[in-house]
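What follows is one structure encoded as structure tokens, with my remarks underneath.
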Amino acid sequence: MQTNCTALAKVTVNKRLNTFRIVFTFDAHNKITVRNAALVTGDICSINYKHADLEIEKAINKAKAVLRTNNIVML
């Protein structure tokens with residue numbers, strides 16, 4: 001069952017490994033952190049990868065299925 005809730009997503013960089021990670025939350029009033037996250041992807045790909053935008057898009061599509069919402073807003 002799909003919901004109509006809006007999920008917020010933030011792409012972050014893991015400085016130690018130089019990789020991208022996405023943090024999803026439904027909390028629009030506080031800062032987006034791993035503590036209030038509804039879903040955190042693992043390390044997606046390297047910062048230097050030329051098709052990183054495609055890998056990020058794949059992770060967002062997987063999150064839509066897991067979170068059961070189509071309303072994801074990137075910050």
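Mind checking which aspartates and glutamates have their Cα closer than 17 Å to the Cα of LYS64? Skip sequence neighbours fewer than 8 apart in that chain.
Cα-Cα hits under 17 Å: ASP27, ASP53, GLU55.
Note the angle between two axes, namely the Cα long axis of helix 52-67 and the longest principal axis of the Cα atoms of the chain, as a number of degrees from 0 to 90, rounded to the nearest 10.
Around 30 degrees separate the two axes.
Which aspartates and glutamates have a Cα lying under 17 Å from the Cα of LYS15, excluding residues fewer than 8 positions away in the same chain?
Output for LYS15: ASP43.
Do you know the relative contact order of region 3-74, to the nearest whole percent, from alpha carbon pairs under 8 angstrom that are 6+ apart?
The value is 38 percent.
Under a 5 Å amide H to amide H cut-off, with H placed in plane at 1.01 Å, what residues pair with ILE22 once short-range neighbours are removed?
THR12, THR41
Considering the zone a paramagnetic label at ALA52 would reach in this model (a point 7 Å from Cα along the Cα-to-Cβ line), which residues of region 1-43 have amide N under 12 Å from it?
Flagged as within label range: 11-15, 17-22.
If you work out Cα extents along the principal axes in Å from the coordinates, which of [x] 35, 24, 17; [y] 107, 11, 7; [z] 72, 33, 16 do you get?
[x]
Using DSSP to call loops (not H, G, I, E or B), can you name the trypsin sites (Lys or Arg not before Pro) in region 19-75 whose Cβ has at most 15 other Cβ atoms within 10 angstrom?
Hits after loop and neighbour filter: LYS31, ARG35, LYS50, ARG68.
GNM on the chain, C-alpha springs below 10 Å: top fluctuator among THR25, THR41, THR12?
For the chain, modelled as a Gaussian network with Cα springs under 10 Å, the answer is THR12.
Readers should treat all values here as calculations from the given coordinates under stated rules, not as data from a laboratory. Just so you know, these numbers come straight off a predicted model, no measurement behind them. Here Cβ is always computed from backbone atoms with ideal geometry, including for glycine, and neighbour counts include all displayed protein chains.
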